[in-house]
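Written below as structure tokens is the structure these notes are about.
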Amino acid sequence: MGQSILSDMKRAAKKSLKARENELANTNRQMEILNGALFADGELPYFKDKIAKTGQFPLKPKTLEILQINVGYMCNQVCEHCHVDAGPDRKEIMTRETMEQCLEVIRNTGAHTLDLTGGAPEMNPNFRWFVEEAAKAGIQDFIVRSNLTIIRSNKKYHDLPEFFKKHNVHVVSSMPHYTRGKTDKQRGDGVFDKSIQALQDLNAVGYGIPDSNLRLDLVYNPSGAFLPGDQAAMEHDFKKALKEDFNIDFHNLFAITNLPISRFLDYLIASDNYEDYMYALVEAYNPAAVENVMCTNTISVSWDGWLYDCDFNQMLDLKVASKVQHIKDYNEDLLNDREIIISQHCYGCTAGAGSSCQGTVA
Amino acid sequence: MANSYYDPADLRKFGSITEWSEELGNKFFDYYGKVFEEGALSAREKSLIALAVAHVVKCPYCIDAYTKDGLQRGITKEEMMEAVHAGAAIESGATLVHGVQMMNKYNKLSM
């Protein structure tokens, strides 16, 4: 394996693919790879053909449960596996005007879960206003995906745990491993220590404590070219280690598979793992996971208001196949009548026990 | 034909051994799958045992497979290396304990 290529990548990874003008910043190039020889030559089946075998094509939405809003791609971290290609150099930030359009939808949606993501959503200058307004809509489960380090990155974010508590926000945070080495390798030096401090800050206001209504869940995604292990076993190991080493409590661990797009795709290709990884995803294909794959109950909204079947399709710029494509024209009934756009990256959500922003699905 | 005895891509084809002997192949894979389920030992513990044995029997396919399996289970590299040492210690011990046979024979033949 090209260790020197990987160390070059690590140096470069302080910037997004976009800022580096890397060819994979171009979504068409990513789609060419996902539709490339490995599938075109018949070595592996197209996702469409795979799900057709079990009568699951075309993939159609079920009841809408989750409205996921990406409020911008700016982030304080530049994680190697990031499917958003987020980073400090990304300037795509949701405006207040688009947020107002989103609020209109949040007030009227049938979805029971609102899920704010990014980037680091907290870096959007209107984030707090948006959370305050959205919380008034009384949605059952209000999630903010926080990368943890943001809480410790600057004084102005130190009170986020209190702010989340005030608005009864369900915090979902990334934590690649319970050891320093593996965490920092994926997410950058110092990320582990800051994340631990942030988790302790969240615990201190009541988040993650057993029986507490202040929900704190962690997201685990593998730090390399392998699939996540059993979610329950991983949760057990994380709980034991974080409690013993740092006296940290949290509720659930979501094991999420890395999808072969954006920076993770770049890593797979540079480390010569792409082919093996795609084989591993296809071999682990589970039709039961297709049944509950998250695009069947989610709508994803981008920073500029476009609608997608999921956050991954958003990053590949595959807009929903519907007359309604923008939040300003939002119509849940029309959207629910669409066919979901799929490609080979979808194997990432149907491998093994399946994968979604809420963890396994099968 | 490949010009090497080992091709990493062959690991993916392991299941194809059933094509030439379906009954025995299936029995093996059923047994194999059962062995690695959670039991009195956890699947995690068994993964580490498998990794150690993979090194002792010097099976490159098994080393690839159980390194990846360990990563998937969140097993750390320190744990993996300790498992390899456990295997290596037994293997070197197995050699060295034969030193007693050598000593016995030496003493028997010597005046």
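What follows is calculated from the coordinates using simple rules that are stated; it is not laboratory data. Note that this is a predicted model, so its numbers are computed, not measured. Cβ coordinates were reconstructed from backbone atoms using ideal geometry, including for glycine residues, and neighbour counts include every protein chain displayed.
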What relative contact order, as a whole-number percentage, does chain A give when Cα pairs under 8 Å and 6 or more residues apart are counted? 22 percent
Length-normalised contact order for chain B - Cα pairs under 8 Å, 6+ apart - percent: 20 percent
Per-residue HN-Hα couplings for region A:150-164, Karplus 6.51 cos²θ - 1.76 cosθ + 1.60 at θ = phi - 60°, whole Hz, x for Gly and Pro? 4, 4, 9, 6, 7, 3, 5, 9, 4, 8, 4, x, 5, 4, 4
Of the listed pairs A:LYS18/A:LYS91; A:LYS18/A:LYS182; A:LYS48/A:LYS328; A:LYS50/B:LYS34, which have alpha-carbon separations greater than 19 Å here? A:LYS18/A:LYS182; A:LYS48/A:LYS328; A:LYS50/B:LYS34
Using a cut-off of 15 Å between beta-carbons, work out the net charge of the residues near A:ALA321 (Lys and Arg +1, Asp and Glu -1, A:ALA321 not included). 0
Can you classify chain A as rounded, prolate or oblate using the Cα gyration tensor, where a ≥ b ≥ c are the square roots of its eigenvalues, rounded means a/c under 1.5, and otherwise it's prolate if a/b beats b/c and oblate if not? rounded
Relative contact order [Cα under 8 Å, 6+ residues apart], region A:35-121, whole percent: 35 percent
Give me the lysines in straight-line cross-link reach of B:LYS58: C-alpha distance below 20 Å, same-chain residues under 8 apart excluded. B:LYS13, B:LYS46, B:LYS68, B:LYS77
Under Karplus coefficients 6.51, -1.76 and 1.60, residue-wise ³J(HN,Hα) of region A:168-180 in Hz, glycine/proline x: 6, 7, 8, 8, 10, 10, 7, 8, x, 6, 8, 10, 4
Between exposed GluC sites (Glu not before Pro) in chain A, where DSSP calls loop and at most 13 other Cβ atoms lie within 10 Å, what's the longest gap? A:44-362
